[in-house]
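What follows is calculated from the coordinates using simple rules that are stated; it is not laboratory data. Quantities reported herein were computed from a predicted structural model and do not represent experimental measurements. Cβ placement follows ideal geometry from the backbone for every residue including glycine, while neighbour counts extend to all protein chains displayed.
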Amino acid sequence: MGRQKASGSRSGIVVAILQRHPNANWTCHVIVIEYSLALPTELPLNVQQPIVLDSGAAIAVRPGEQTEIELKLLAPQGILAKLREMPVIVQHERNRGVIRRLETVYYDTPERALFQHGMSLRVRRSGKHFVQTLKLLPGTGRPLARRQWETPVDGMTPDLARLPTADIGDPVTTLAPDALVPAFATKVRRHARQLDLPDASIEIVFDEGTIQAGTRQQVLSEIELELKSGNAGVLFDLGTQLLDVAPLQVGTQSKAERGYMLAFDVVQPAAKAEPVSITVEHAVDDVIALLVGSCWHHLLNNHAVAKEGSDPEGVHQMRVALRRLRTICALFRREIPSASFEAINSEARWLMQRLGQSRDWDVFSTTIVSRLAAATPEVDLGGLREAVERRRKSSYGALEAVLADPRCSRFLLSLAHWVERRGWRNEIDSDALAVLSQPMPTLADKILARLHRKALKRGAQFRRLDSAAQHDLRIDLKKLRYAAEFFLPLYAGHAPAKRYVVRLARLQKSLGRACDIANGRRLLGSIGQDDRAALHLAVGTVTGWQARDQIAVAKTLRKRWRRFKATPAFWGR
């Protein structure tokens, strides 16, 4: 058994493994694992990582560009004073900070041209000073980072001529000076302090006030942690400590986004997972960070949509993100047996289960009932629709409480912290550390081959599988599909790769329809307890419709299973 010693630095981990041979000589093997100081979606190869300025990528500040990197936490009213006196803040503050009263007006064209281009423009008064700020929405893979430009102005009216319009681009370059009108405003009492922590300098801001749009008003009570320099992981460390004292929620919308929602009833759309840029040169350690970071971004991008409940796709996309995250934990924990994989997987499973009821009622309402209503207009489905919608709204009420639960916020912060600190490196032996330093393709071949064999074994007697066995097969195929999609960039030159993924996706979709039918029966059972005759007729109609669907799905399933079995593997070539 060899001995190992690990040392850490701001740029990486060096692990020295001492191995004793039979001739009593010692050999020293050195493994270097580079730190990536961010939640990345792209990692530069063979270059030292610069200071981290966001949770999406490690970027260097370009001359003339201002980038705001902040973590927002929503707080109950009346709790900020208590949080300002937390020991971690008092011990690291430079001074007692500055209190300002800020009046801000946000501007746009009557057609909301800036909003349509992902921009917000504001003029803020602080004392006798006026500053205009133009911000962009977070870029792909950078949910905490916003590019911005600030310039002084003479009053509360914006002056676009003072902005670097050539750098910003349309529509700012083409707007006439009188094209802008006030859209909404904020009034905020801000208490800002500078904190000097061991690995970073952070400005912590406590905001209390209101957003105002005509006669509408919304209360503001939030904390912003802005990274001034150093490691972004400190944002999540401090956020978690604040959560120990008060039931805070991770805020995923800026004041501008909330203002547009208040003023114009803007509905935030759900977002699908962003592509992950994996290459054959990336080490396993970096690939884990890329994949988990992508899941974190996916969750954040849909958190507010799911909580609002206006678009069923928000809950669906959160479940997809959690399913992808759990798959990542399952893919890597065999070769890298870190206990942190199971800890993350456990919390992801908890949140996914809490989202499940809302998703089930969404699917039942938007697919089964809606399709049946279009196909059988002569059947009165009014009572069924009412019963389904009542249960769907009830499930969303319970879901809103779950997403507001500190446990959910703690999970989101701990997930970000896990990626930023590369927590899977903890408490693993030298063999696992060596795996982390290897290029990804070899391990990808091994993972895909293992999952493929497992799926074929699970479906060996496909015609005889009952609904429970089909569900188990569907779970295995989902893991295989996600793994294939994760690693697809490694096989970009292999023509069979895309065909394999397409056939796998079609098979999984058919199994999903079979699962929806089984879930539909369960949900119908809860509705059927109502004694109304018209409702019983509607339930009977749905039951018959699903029986017909089940026959068609079974036929499609058998055909797609045969095609999938006949599809050659694209890895290991």
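Structure above, values below:
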| read-out | value |
| --- | --- |
| Cα gyration tensor category, rounded, prolate or oblate, for region 273-336 with a/c compared to 1.5 | prolate |
| Within the chain: Cβ-based charge dipole about Cα centre, in debye rounded to nearest 20 (Lys, Arg +1; Asp, Glu -1) | 2620 debye |
| Whether region 489-559 is rounded, prolate or oblate, judged on the alpha carbon gyration tensor where a/c under 1.5 counts as rounded | prolate |
| Per-residue ³J(HN,Hα) for region 170-179, Karplus 6.51 cos²θ - 1.76 cosθ + 1.60, θ = phi - 60°, Hz, x for Gly and Pro | 5, x, 4, 5, 10, 6, 6, x, 9, 7 |
| Residues S510, S365 arranged by fewest to most Cβ contacts within 10 Å | S365, S510 |
| Separation of the A569 and E400 label points, Cα + 7 Å toward Cβ, nm | 5.0 nm |
| Alpha-carbon Rg with Dmax, taken over region 116-216, Å | 15.8, 48 |
| The chain, helix-only ellipticity at 222 nm - DSSP H runs n ≥ 4, -39,500 (n - 2.57), divided by all residues, nearest 500 | -15500 deg cm²/dmol |
| Charge dipole of the chain about the Cα centre (unit charges at C-beta), most positive-ward option of L235, V245, L291 | L291 |
| Histogram of C-alpha separations across the chain, 10 Å bin width, % | 3, 15, 22, 24, 19, 12, 4, 1, 0 |
| Packing-based order for 272-280, 432-440, using average beta carbon neighbours within 10 Å, highest first | 432-440, 272-280 |
| Given charges at Cβ of Lys, Arg, Asp, Glu: region 278-426 dipole, positive-most of V280, I344, T366 | I344 |
| Cα centroid separation, region 386-415 to region 280-328 (Å) | 17 Å |
| Amide H contacts of Q268 (H built 1.01 Å from N, under 5 Å, at least 5 apart or other chain) | none |
| In Hz, Karplus ³J(HN,Hα) per residue of region 298-303 (6.51, -1.76, 1.60; θ = phi - 60°; x = Gly, Pro) | 4, 5, 4, 5, 10, 4 |
| Residue among Y482, L451, L535 farthest towards the positive dipole end of region 439-566, charges placed on Cβ | L451 |
| Debye equation applied to the C-alpha atoms of region 428-573, log10 I(q)/I(0) at 0.10, 0.11, 0.21 Å⁻¹ | -0.48, -0.55, -1.22 |
| Vicinal HN-Hα couplings computed from phi for region 357-370 (Karplus, 6.51 cos²θ - 1.76 cosθ + 1.60; Hz; Gly/Pro x) | 5, 4, 5, 4, 5, 4, 5, 4, 6, 8, 10, 5, 5, 5 |
| Local electrostatic count, T543, Cβ distance below 13 Å [Lys/Arg +1, Asp/Glu -1] | +2 |
| Estimated inter-spin distance, A468 and A374, nm [label 7 Å along Cα→Cβ] | 3.6 nm |
